[in-house]
């Protein structure tokens, strides 16, 4: 195998093998030293660079037995010219929470991918999975079997719960307001069936961010965004604040003037915070990490509905629960999500994300159906239009009847 | 065969993350006190226990060969007890306990062509999609533009000289697998021609009601052609989203002449200071010009430079634009404002200027 | 109380629906579940039972999941026919 290493000529791609930023072309060429499929990729990609169009076809049918997610089928539209890459399926492997690895674990994945695939990967895919990029249909079952022997499993794809992911959280961040890795692992295990067997109108993503900085972009990218926050006063180390001024930090300009709720005052000596006005945006804590910390009573804000444009336009998640304690076994969260999923599975249209579903039925009706009370924290402002629905109304008492 | 079936394991989930945490992380889990950025790409986290964990962050092309991953593994074995992690923006991080290993590791990474940086007021690695490497609906390549842009902007990755963080992202079509819609600068592949219907194939492979329902503007309508149920596209209603193609492979949109790239600015996901924001359209169309997309690289570089020169400290792209206003954004950047910049989809009216607050 | 139907009976019902719809309409798990609950009656057939029935069809390979913008349940096709 691989005796005749015919690496195709790629004058266009070679231009991207140059320059200071690490090159993906170099990566494909490295893989091509061993993999005919990666050699094929160089050929197809050079062709795309010449023609300015892609050469991949839908491939919606392949998978491993019993699962409806985890494999993205892909075929070349030039199979005669590039037979080595006629199939180019992707495997999504559920990453360990927080993307921590040992070299030993990563090497076992590399070895598997050398035996069964192109030798190309993405670390990581947009949703968070380890992406094994490019294999043939007949390799899928052997790959799955070896992966599970190694203790890995496939992630989500299609109309299922997608692989949950999270920020680095308490593993290496003092701002984590709950255990993002713990929650992510817990949810991933809790929803194994729903991750592997699509049973919903469309995809559903969880992302766990430890604080309002939202390093996993959960508010933009997750149907359910769990963003860490706290209650009560920011913890202040007054001496450390003063120390910053000696390093040239302008507390007034860099901290107080940038505070969105203008709840901070600096008199040249001490920083005072009117905590009841704080919106917990993180700016002051970001600027003064050794001096300020989130308050000790911690939890998360639960938001719902973010998505990219397809179909009805892009959305950001919006508040569903302003503050929820985040402690194992996360019963309140799972009960809430369970009700939401059941309602959306029952009444959502095909390819309708939960955010679009909520827009269609109305947040008020959605809340009623899942048993949540409406709160002013859920809206930027109350309605501006007077077209109000009322299901209940008063009727005149039939006064005569009594007499 | 029967034996293999019996052994088949399913629904085991990912390995537990605790198996992969370095000992210092396990010991100080949830007990970090503060952190400091020591220099570009290097930071220290200090635990309540006094333990110090050093992180060295390097950029990667995300598309990695197993050979390069093994190289990272070798580095981890040599410098960080075999422990490494990846970030949500495709950077690789080595977690060190001995500060003496920082310099050798940084030097080693640089020699191998992996730049160290991407922290604090810098450009971090670009989030991006698959493009022509793997995607069927791509309107442009992803890795190629990212490489060309980062070659130009690498100096902002390896330093911390910008007013604030700058998050770049690329998605190769409107599906936005890279969810670029909340980035400081987003590069978005766009189609500009309606789907070309393969009328022979469509009735065989596509379900007419699903295709019709997939269109957000009702441009796709059922039609009987030569006795076969198929669809037609009302071309003036089509805004090239590609949604029909996702449910029906017989309606490809790719068009070498007209596909290209649009540039969006001012989005953010962090809640710091201002609320999260969507990116807004800056440049409606730039041509696909592989292999190095010079027009796109120049446009992105220009936007970074205009912002960097004018923004105040901690002012992200969107916050800077909020302060100066959109008219001045177009003035300062020299980008022409066109019909395409004005929204005409749902709730378009909310984006009109509904006041006389106009800077002279 | 009416006697519950067995997983096998529900699986057969689902299989028949999928088979009859082949080439005409792509069915989602929720379409099949709703149809089975209606067919057998909610007191005899639950959503969980349908889920189990779908799983047996998938595990045995009689049906497969497919993806066309969304996920569907279909008979196993010949590879590449739809691509």
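Of the residues B:203, B:209, B:216, B:163, which single one is assigned to a loop (DSSP other than H, G, I, E, B) and more than 8 Å from chain A (Cβ to nearest Cβ)? Break it down stepwise before answering.
Numbers: B:203 fails: assigned to a loop (DSSP other than H, G, I, E, B); B:209 fails: assigned to a loop (DSSP other than H, G, I, E, B); B:216 fails: more than 8 Å from chain A (Cβ to nearest Cβ).
It is B:163.
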Requested in this report: Check whether at least one residue in segment A:287-306 is part of a helix (DSSP H, G or I) and farther than 30 Å from residue B:244 by Cα, and report yes or no.
Outcome: yes
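Can you tell me which residue among A:160, A:179 is within 8 Å of another protein chain (Cβ to nearest Cβ) and over 26 Å from residue A:327 (Cβ atoms)?
Details: A:179 fails: over 26 Å from residue A:327 (Cβ atoms).
Checking each option against the conditions leaves just A:160.
Going residue by residue through segment B:223-233, is there one that turns out to be surrounded by fewer than 23 Cβ atoms within 10 Å (Cβ to Cβ) and assigned to a loop (DSSP other than H, G, I, E, B)? It would help to see each step written out before you state the result.
From segment B:223-233, those surrounded by fewer than 23 Cβ atoms within 10 Å (Cβ to Cβ) are B:223-230, B:232-233; that's our starting set.
Next cut, assigned to a loop (DSSP other than H, G, I, E, B) only: B:226-227.
Yes; the residues of segment B:223-233 include at least one that is surrounded by fewer than 23 Cβ atoms within 10 Å (Cβ to Cβ) and assigned to a loop (DSSP other than H, G, I, E, B).
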Requested in this report: Restricting attention to segment B:173-192, report how many residues are assigned to a loop (DSSP other than H, G, I, E, B) and away from chain A (no Cβ under 12 Å).
Outcome: 2
Requested in this report: Please work out if residue A:68 is in contact with a strand residue (DSSP E or B) (Cβ under 8 Å, 6 or more places away or on another chain) and either in a helix (DSSP H, G or I) or surrounded by 24 or more Cβ atoms within 10 Å (Cβ to Cβ) (or both).
Outcome: yes
Query - Residue ID - farthest from residue B:272 (Cα to Cα), chosen from residues in segment B:104-128 that are crowded, with 18+ Cβ neighbours inside 10 Å and within 9 Å of chain A (Cβ to nearest Cβ) - result: B:114
Report summary line: Just one listed residue, out of A:355, A:305, A:313, is at pLDDT 95 or above and on the phi > 0 side of the Ramachandran plot, and it is A:305
**Report entry** Filter result for residue A:25 (in contact with a helix residue (DSSP H, G or I) (Cβ under 6 Å, 6 or more places away or on another chain), modelled with pLDDT under 95 and farther than 30 Å from residue A:170 by Cβ)
**Finding:** no
Requested in this report: Please go through segment A:303-342 and pick out each residue that is within 15 Å of the chain's Cα centre (by Cα) and within 29 Å of residue C:46 (Cα to Cα).
Outcome: A:304, A:305
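Which residues, taken from segment A:119-129, are on the phi < 0 side of the Ramachandran plot and at the interface with another protein chain (Cβ under 9 Å from one of its Cβ atoms)? Steps first, answer last, please.
Step one: list which residues in segment A:119-129 are on the phi < 0 side of the Ramachandran plot, which gives A:120-127, A:129.
Those that are on the phi < 0 side of the Ramachandran plot and at the interface with another protein chain (Cβ under 9 Å from one of its Cβ atoms): A:120, A:121, A:122, A:123, A:124, A:125, A:126, A:127.
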**Report entry** Residues within segment A:90-112 that are farther than 26 Å from residue B:131 by Cα, surrounded by fewer than 24 Cβ atoms within 10 Å (Cβ to Cβ) and either at pLDDT below 95 or facing another protein chain (nearest Cβ under 7 Å) (or both), tallied
**Finding:** 5
**Report entry** Filtered residues of segment A:226-251 (kept if touching a strand residue (DSSP E or B) at 6+ places or on another chain (Cβ under 7 Å), within 12 Å of chain B (Cβ to nearest Cβ) and exposed (fewer than 15 other Cβ atoms within 10 Å of the Cβ))
**Finding:** A:235
Query raised in the report: Quick one: would you say residue A:82 is buried (at least 21 other Cβ atoms within 10 Å of the Cβ), free of Cβ contacts under 8 Å to residues at least 60 places away in the same chain, more than 28 Å from residue B:82 (Cα to Cα) and within 14 Å of chain C (Cβ to nearest Cβ)?
Result: no
Query raised in the report: List the pairs whose first member sits in segment A:239-255 and is at positive phi, whose second member is modelled with pLDDT of 95 or more and loosely packed, with under 13 Cβ neighbours inside 10 Å, and whose Cβ atoms are under 9 Å apart, counting only residues at least 6 apart or on separate chains?
Result: none
Query raised in the report: If only one of A:188, A:184 is surrounded by 24 or more Cβ atoms within 10 Å (Cβ to Cβ), within 14 Å of the chain's Cα centre (by Cα), closer than 15 Å to residue A:92 by Cα and touching a residue at least 24 places away in the same chain (Cβ under 8 Å), which one is it?
Result: A:188
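Residues in segment A:20-40 that are part of a helix (DSSP H, G or I) and either surrounded by 22 or more Cβ atoms within 10 Å (Cβ to Cβ) or more than 7 Å from chain B (Cβ to nearest Cβ) (or both): how many?
Restricting attention to segment A:20-40, the residues satisfying the condition of being part of a helix (DSSP H, G or I) are A:24-32, A:36-40.
Among the residues that remain, those that are also either surrounded by 22 or more Cβ atoms within 10 Å (Cβ to Cβ) or more than 7 Å from chain B (Cβ to nearest Cβ) (or both) are: A:24-29, A:31-32, A:36-40.
Adding up the residues that qualify gives 13.
Residues checked against (1) in contact (Cβ under 8 Å) with a residue 60 or more places away in the chain; (2) in a helix (DSSP H, G or I); (3) surrounded by 19 or more Cβ atoms within 10 Å (Cβ to Cβ):
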residue: C:11; (1), (2), (3): no, yes, yes
residue: C:25; (1), (2), (3): no, no, no
residue: C:35; (1), (2), (3): no, yes, no
residue: C:43; (1), (2), (3): no, no, no
residue: C:49; (1), (2), (3): no, yes, yes
Query raised in the report: Could you say whether any residue in segment A:41-57 is within 7 Å of another protein chain (Cβ to nearest Cβ), touching a helix residue (DSSP H, G or I) at 6+ places or on another chain (Cβ under 9 Å) and modelled with pLDDT under 95?
Result: no
Requested in this report: Check segment A:201-212 and report whether any residue there is out of contact with any helix residue (DSSP H, G or I) (no Cβ under 6 Å at 6 or more places or on another chain), modelled with pLDDT of 95 or more, assigned to a strand (DSSP E or B) and crowded, with 24+ Cβ neighbours inside 10 Å.
Outcome: yes
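Within segment A:143-155, is there a residue that is over 30 Å from residue A:229 (Cα atoms), free of Cβ contacts under 8 Å to residues at least 24 places away in the same chain and more than 7 Å from every other protein chain (Cβ to nearest Cβ)? Before you say what the answer is, go through the steps one by one.
Within segment A:143-155, the subset over 30 Å from residue A:229 (Cα atoms) is A:143-154.
Pick out the ones that are also free of Cβ contacts under 8 Å to residues at least 24 places away in the same chain and you get A:145, A:148-149, A:151.
Checking the rest, the ones that are also more than 7 Å from every other protein chain (Cβ to nearest Cβ) come to A:149.
Checked segment A:143-155: at least one residue is over 30 Å from residue A:229 (Cα atoms), free of Cβ contacts under 8 Å to residues at least 24 places away in the same chain and more than 7 Å from every other protein chain (Cβ to nearest Cβ).
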Report summary line: Within segment A:328-372, the count of residues that are part of a loop (DSSP other than H, G, I, E, B), more than 20 Å from residue A:312 (Cα to Cα) and without any contact (Cβ under 8 Å) to a residue 40 or more places away in the chain comes to 1
Query - Matching residues in segment A:182-217 - criterion: being under 18 Å from residue B:89 (Cβ atoms) and within 14 Å of chain C (Cβ to nearest Cβ) - result: none
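The values are calculated or read from the model by the stated rules, or taken from the named source; none is laboratory data. A quick note: this is a predicted structure, and the numbers were derived from the prediction, not measured. As a convention, Cβ positions derive from the backbone with ideal geometry for all residues, glycine included, and neighbour counts pool all protein chains shown.
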